[in-house]
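Where a number appears in this text, it was derived from the coordinates with a stated rule and is not lab data. Not measured: the values here are computed from a predicted model. All Cβ positions, glycine included, derive from the backbone under ideal geometry; neighbour counts span all protein chains shown.
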Amino acid sequence: MSQIKFFQGDNLPLEMHKVRIVQKLNLIPVEQRMKAMSEAGNNTFLLHNRDVFLDMLTDSGVNAMSDRQLAAMMEADDSYAGSETFFRLEAKIREIFGTEFFLPAHQGRACEHIISKVFVKQDSVIPMNYHFTTTKSHITLNGGRVEEVYIDEALNITSNHPFKGNIDIRKLVELIKKEGADDIPFVRMEAGTNLIGGQPFSLENMRQVRKVCDEYGIMLILDASLLADNLYFIKQREKDCRNMSIREITRAMADLCDIIYFSARKLGCARGGAICTDKSELADKMRELVPLYEGFLTYGGMSVREMEAMAVGLKETMDEEMINQGPEFIACMAEELQKRGIPVVTPPGGLGCHIDAMGFVDHIPQTQYPAGALAAAIYIASGVRGMERGTMSEQRDENGVEPLSNMELVRLALPRRVFTLSQVMYAVDRITWLYENRKLIGGLKFIEEPRVLRFFFGRLAPTNDWQDRLVKKFREDFGDSL
Ligand SMILES: *Cc1c(COP(=O)(O)O)cnc(C)c1O
C-alpha cells in the first residue's frame with residue numbers, strides 16, 4: 001500500500017475519489033439548535049436530520065456508495081426465491097472469506113439475534129474483547145452473560161498500544177477454567193472494537209485465541225462489522241502482516257473462525273447483514289431461523305438492490321488504495337483536536353474520532369451523563385451530531401442498578417467518503433470553542449427511560465439552565481454568525 005506523500009507541509013489525508021452527487025446541507029442558527037436539542041430530549045438519536053449540519057452520529061448505512069455500487073443496483077435480479085443477485089453475493093463472500101455457507105439477514109443485530117437464539121442458553125457465558133450494545137442485549141435476552149476479557153491497556157484513553165482490541169489470553173483461560181467450557185458456547189471477537197473507540201486486535205492475538213478455543217472445544221465467532229479498519233491497522237501496525245495483501249489478511253482471519261457475521265451497513269457500504277460459516281452443521285442449526293425472522297433464504301430481509309451494492313462494496317473494501325480512507329481522516333481529526341489540548345482516545349481507531357468526555361467535562365459526575373451532555377453541547381455549538389458512548393448506552397441490571405460505563409466517550413463518526421477535510425476542520429474549530437467554555441456545560445437527567453437500549457429513545461433534560469448560558473456565550477463570541 002503506497003501512501004501518497006506531500007512534498008511540502010503536513011501529511012494531510014487525500015481523498016482517492018471525487019464527488020459526483022451532492023446533497024445540500026442546512027445549518028440552522030444556534031438558538032434553533034438549542035430548541036431542536038430540547039425537543040429531541042437531549043438525545044442526539046431523536047434529532048431530525050433537517051436540523052443537523054454534519055451528521056457524525058454513525059457510519060451505519062450512511063457510508064457513501066460508489067458509482068459501481070449504484071450501477072450494480074440497477075442490475076438486481078428481483079425474485080422471492082433463487083435470485084441471481086443472491087448467488088452473486090454468495091460467490092463474492094465465498095471468494096473473500098472462503099466460507100461455503102452464507103445466511104442473509106436484514107442487518108447486524110439480526111445476525112446476533114439468530115446466533116444468540118441458537119447458541120446461547122440459560123446461564124451461558126460469552127467471553128469477548130468488548131461488548132457491543134445490541135450484542136449484549138441479545139445475549140442477555142437469551143439468558144446468557146457477557147464477560148469481557150480485554151487487555152488492561154484497552155481502557156486507557158491515551159495509549160500507544162497498537163492493538164487495544166486484543167483479548168487478554170490469560171484472563172480468557174482463567175474465565176474458561178472458572179466457568180467450565182461446557183457453559184461457554186463461543187468466544188466472540190469484535191473487529192474494530194466499537195465501544196472502546198474503534199480499536200483493532202492483531203492477527204497474532206486471534207491465532208492465540210483460536211488455540212485456546214481448540215484446547216477447550218469452544219467456537220470462535222468474529223463480529224466483522226468493523227473489519228475494514230481492523231484490516232488496515234493490522235497491515236500498518238503488525239510487522240508480520242506488512243507484506244500481506246488485505247485479501248490475504250482477511251483470509252487468514254476468516255480461516256480461524258467458526259462463524260463470521262457482520263452488519264453490511266458498515267462492512268460493504270450497503271444495508272444488510274450476513275452470517276458466514278464453512279461448517280455445514282452450524283449453518284444447518286441457524287438456517288431455519290432465517291425464513292422465520294428475516295425472509296426467505298435468498299434475501300433474508302434485504303432488498304436485492306442492497307445485496308448487489310453489498311457485493312460490490314465488499315470487493316471495494318479489499319481495495320488497497322481505498323481502505324485507508326476512514327482511518328486516515330479519523331487520525332487527522334484526532335490529531336487536530338489533540339493539538340488544541342482536547343482529550344481524545346489514542347491511538348485514533350476506526351469508525352470515528354472519540355472524545356474523552358470525562359476529561360473534557362471533568363466537573364460533571366458520571367451519574368449526570370458527561371458524554372451525553374457533551375454530545376448535546378457539541379450539537380448546540382456546531383450543528384454536528386455525535387453519539388454518546390458511555391453510561392447512557394448501558395442498561396440497568398435486573399435490580400434497577402445503573403452500571404457506570406468504563407469510558408464516557410462522544411463519538412464523532414466519519415462515514416467513509418462523506419465529509420471533506422474543511423468540514424472536519426469546522427467541527428474541530430467549534431469543539432475547540434466549546435472546550436474553552438467547557439465549564440458552562442452541565443449535566444443531564446432522564447425524564448423518560450426505556451428499560452432496553454435506553455440510549456436509542458430515552459429522553460433527558462439539562463440539570464439546570466446551562467444550555468441558555470452556553471447559547472448566550474456563543475452569541476457574544478460569534479456575533480450573528482450561525
Ligand atoms: C453496528 C454494529 C452491529 C449491529 O449492526 P446493525 O446493522 O446496526 O444492526 C454489531 N456489531 C458491531 C461491532 C457494530 O458496529
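For this structure, a couple of remarks:
- Packing around the peptides 324-330, 443-449, 190-196, 8-14, taken as the average count of other Cβ atoms within 10 Å per residue, puts them in this order, highest first: 190-196, 324-330, 443-449, 8-14.
- The Gln366 and Ala181 beta-carbon pair, evaluated with R₀ = 51 Å, returns a calculated FRET efficiency of approximately 0.90.
- Restricting the trypsin sites (Lys or Arg not before Pro) of the range 115-208 to loop positions (DSSP other than H, G, I, E, B) with no more than 15 neighbouring Cβ atoms within 10 Å leaves Lys121.
- Potential lengthening of the chain between Lys279 and Asp123 amounts to 53.6 nm, from the contour at 0.36 nm per residue minus the alpha-carbon distance.
- In this simple spin-label model, placing a label point 7 Å from the Cα along the Cα-to-Cβ direction at both Leu297 and Leu453 gives a separation of 2.8 nm.
- Label-reachable residues, the range 159-178, where backbone N falls under 14 Å from a point 7 Å from Glu215's Cα toward its Cβ: 168-178
- Summarising the overall dimensions of the range 361-482 from its C-alpha atoms, the Rg and Dmax are 15.4, 50 angstrom.
- Taking every alpha-carbon pair under 8 Å whose residues sit at least 6 apart, the range 1-100 reaches a relative contact order of 14 percent.
- In the chain, the calculated helix contribution to ellipticity at 222 nm averages -12000 deg cm²/dmol per residue, counting -39,500 (n - 2.57) for every DSSP H run with n ≥ 4.
- The range 83-204, Cα convex hull volume normalised per residue, Å³: 131 Å³
- Note on the chain: semi-axes of the ellipsoid equivalent to its C-alpha gyration tensor, largest first and rounded to whole Å, are 35, 26, 23.
- Amide H contacts under 5 Å for Arg145, placed H, 5+ residues apart: Ser124, Val125, Ile126
- Here the range 177-274 was treated as a single set of alpha-carbon atoms; its pair distances binned every 5 Å from 0 give 3, 13, 22, 23, 19, 12, 6, 2, 0 percent.
- For Leu220, the residues 5 or more places off, or on other chains, whose built amide H falls under 5 Å of its own are Val187, Asp258, Ile259.
- DSSP-defined beta bridges in the chain - what % are antiparallel, rounded to 5: 60 percent
- Cα shape, the range 67-321, gyration tensor, a/c 1.5 rule: oblate
- Fully extended contour minus Cα-Cα distance, from Tyr80 to Glu95, at 0.36 nm per residue: 3.0 nm
- Across the range 1-83, Cα-Cα distances exceeding 15 Å account for 76% of all pairs.
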